[in-house]
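Asker: Have a look at this one.
The values are calculated or read from the model by the stated rules, or taken from the named source; none is laboratory data. Every value quoted in this text rests on a predicted model; they were computed, and no experiment measured them. Using ideal geometry, Cβ is built from the backbone for each residue, glycine included, and neighbour counts are taken over all protein chains shown. Ligands, DNA and RNA are stripped out before the accessible areas are found, and what is left, the full protein with its side chains, is counted by its heavy atoms. Shrake-Rupley method; radii C 1.70, N 1.55, O 1.52, S 1.80 Å.
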Amino acid sequence: MPFVRIDALYADPARLDALGRAVHDALVETIGIPDDDRFQVLVGHDGARSTLRYGDHLGVHRDEGIVFVAITMRSGRQPELKRALYRRIAELARAYAGTEPRNVFVTVTENESVDWSLGDGLAQYAPSAEPVAEG
Amino acid sequence: MPFVRIDALYADPARLDALGRAVHDALVETIGIPDDDRFQVLVGHDGARSTLRYGDHLGVHRDEGIVFVAITMRSGRQPELKRALYRRIAELARAYAGTEPRNVFVTVTENESVDWSLGDGLAQYAPSAEPVAEG
Amino acid sequence: MPFVRIDALYADPARLDALGRAVHDALVETIGIPDDDRFQVLVGHDGARSTLRYGDHLGVHRDEGIVFVAITMRSGRQPELKRALYRRIAELARAYAGTEPRNVFVTVTENESVDWSLGDGLAQYAPSAEPVAEG
């Protein structure tokens, strides 16, 4: 279910792959999603045709190692779970991709069960009520 | 109003166009948006500089024909309308682009009327109250 | 805090930069975000490998100068602030990038304080309550 976009500067395929695994493994470990519940868009920007901009907001120094992680998931995860998720993404991004934790920027956007179709034109998380035959 | 992002692997311009038309026509037919209410970002990924990741979650087998469709629209559409939308996107993606329904992944994110500016710096769906002259 | 995606057709680095500054300066001036609170993904589309689609919805004529601005920010901004933001983005996009106001399309998506990690694996806007030693 989580749908994830990851944007990084000058990232080659190996680094994109490492970042994708970091975010996915963190979601599995902290939020408890199944291992095959992985849906990600991984984009490396060349700094010309497409690029990123970032500042040192909140006293965190960022540089071209910046990684933007945008997660869409269903509502209902408690704040402590989200905090655990952020910690684990930062840890695994460092472990897998050598990304410094100061460069890991994460946003979460929530929606509801009926807002997902995971294939076959169905709303798997919110199936329609079937009419029940009486008699 | 719907703002749509479509991401696909190895998609040439013709396939991107077909996918964009499939999603748009489905929105017109099921949600009832006007035909000129089309705002889409269509991205083909080369699998290197940018790429997609996906698993077989919920027993749906996906492959490199995967298409991610992310729709932002105003809140208020009932669940049955959303289900009809997902069905029609899957049907038209097959009809127009040859995409198998198992490879069509859709998410919806909702916002409110005041969250849209469709040009000219205005919030067309939530115009400001004009002061009314008394007397 | 705002996380911004800007998509434009055939935009060279100078135009992407100008559009990014226009949106950022408008956020600073109208919403009051700090100047270093800038997090943007700027993407120029070549019209082939990736592209945009748009119509003349609401009688606004759009052309290939179209710019999609998608802003994610915390909830709580009042409608009048959002209207001021849209006006200022359109003004500055014209001033900095020569973009006509009719071609500036903006959407806002909101989330909550706990939905942001601005680095170091922390949820800076919603820090965890520390246990307080009694005695």
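Asker: Can you tell me the accessible area per residue over region A:3-115, all protein chains present, probe 1.4 angstrom, in square angstrom?
Answerer: Heavy-atom SASA per residue in region A:3-115 reads 35 Å².
Asker: By how many degrees, between 0 and 90 and to the nearest 10, does the Cα long axis of helix C:13-30 differ from the longest principal axis of chain C?
Answerer: Computed tilt is about 50 degrees.
Asker: Once phi is turned into θ = phi - 60°, what whole-Hz ³J(HN,Hα) does the Karplus curve with 6.51, -1.76 and 1.60 give for every residue of region A:115-125, x standing for Gly and Pro?
Answerer: Once θ is set to phi - 60°, the couplings for region A:115-125 become 8, 10, 10, 9, x, 6, x, 9, 9, 4, 7 Hz.
Asker: OK, next. What are the residues whose amide H is under 5 Å from the amide H of B:T109, where those residues sit 5 or more places off or on another chain and H is modelled from the backbone?
Answerer: Close amide H contacts, sequence-distant or interchain: B:I71, B:T72, B:M73.
Asker: Now, a different point. Test of understanding: extend the Cα→C-beta vector of A:D120 to 7 Å, then name every residue of region B:41-81 with backbone N under 11 Å from that spot.
Answerer: B:58-61
Asker: For chain C, what does the helix formula give at 222 nm: sum of -39500 (n - 2.57) over DSSP H segments with n ≥ 4, over the residue count, nearest 500 deg cm²/dmol?
Answerer: Taken over chain C, the calculation gives -9500 deg cm²/dmol.
Asker: Taking the mean number of other Cβ atoms within 10 Å as a proxy for protection, how do you rank A:99-112, C:87-100 from highest to lowest?
Answerer: A:99-112, C:87-100
Asker: Could you check how much of the accessible area of chain B is carbon and sulfur, as a whole percent, using a 1.4 Å probe?
Answerer: It is 50 percent, rounded to a whole number.
Asker: Follow-up. Hey, for B:A48 with labels 7 Å out along Cα-Cβ, what do the inter-copy distances come to in nm, ordered shortest first?
Answerer: 1.6, 1.6
Asker: Could you list, bin by bin from short to long, the percent of Cα-Cα pairs of chain C in 10 Å steps?
Answerer: Here the calculated profile for chain C is 11, 39, 29, 13, 4, 2, 1.
Asker: May I pose another question? Report, as an integer, the average count of C-beta atoms from other chains found within 10 Å of each Cβ along C:74-84.
Answerer: Partner Cβ neighbours, averaged per residue: 3.
Asker: Something else now. Between C:E29 and the same site in the other copies, what are the distances in nm, shortest first, taking label points 7 Å from Cα along the C-beta direction?
Answerer: 4.5, 4.6
Asker: Each residue of region B:70-83 in turn: what ³J(HN,Hα) in whole Hz from Karplus with 6.51, -1.76, 1.60 and θ = phi - 60°, glycine and Pro shown as x?
Answerer: Karplus values, whole Hz, x for Gly and Pro: 10, 10, 9, 8, 5, 5, x, 6, 6, x, 5, 5, 5, 4.
Asker: Using a 1.4 Å probe on the protein heavy atoms only, what accessible surface does B:Y86 show? Give it in Å² to the nearest 10.
Answerer: 0
Asker: How many angstrom lie between the Cα centre of region C:78-129 and the Cα centre of region B:15-65?
Answerer: 26
Asker: Counting only residues 5 or more places away or on other chains, whose amide H sits under 5 Å from the amide H of C:Q124 once H atoms are built in the peptide plane?
Answerer: C:L118
Asker: Sticking with this structure for a sec: Evaluate the relative contact order of region A:3-115 (contact order divided by residue number), counting alpha-carbon pairs under 8 angstrom at least 6 apart; express in whole percent.
Answerer: 36
Asker: A further question on this structure: Rounded to the nearest 100 Å², what is the sum over both chains of accessible area buried where A meets C, with a probe of 1.4 Å?
Answerer: Summing both chains' loss of accessible area gives about 2900 Å².
Asker: If we count every other residue with Cβ under 11 angstrom of C:A126's Cβ, Lys/Arg +1 and Asp/Glu -1, where does the sum land?
Answerer: Once all neighbours under 11 Å are counted, the net charge is 0.
Asker: Would you kindly derive the ³J(HN,Hα) couplings of region A:55-66 from the backbone phi angles with the Karplus curve 6.51 cos²θ - 1.76 cosθ + 1.60 (θ = phi - 60°), listing them in order in whole Hz, with x for Gly and Pro?
Answerer: x, 9, 3, 6, x, 8, 7, 10, 9, 5, x, 4
Asker: Relative to the other copies, what are the label-point distances for A:Q78, with labels 7 Å from Cα along the C-beta vector, expressed in nm at one decimal and sorted shortest first?
Answerer: Copy-to-copy label distances at A:Q78, shortest first: 3.6, 3.6 nm.
Asker: Taking the Cβ of B:V104 as the centre, find all other residues whose Cβ is under 13 Å away and add up their charges (Lys, Arg: +1; Asp, Glu: -1).
Answerer: Taking every Cβ under 13 Å from that of B:V104, the sum is 0.
Asker: Quick check: residue separation of B:D12 and B:S113 times 0.36 nm, minus the Cα distance between them. What number comes out in nm?
Answerer: Answer, rounded to one decimal: 32.9 nm.
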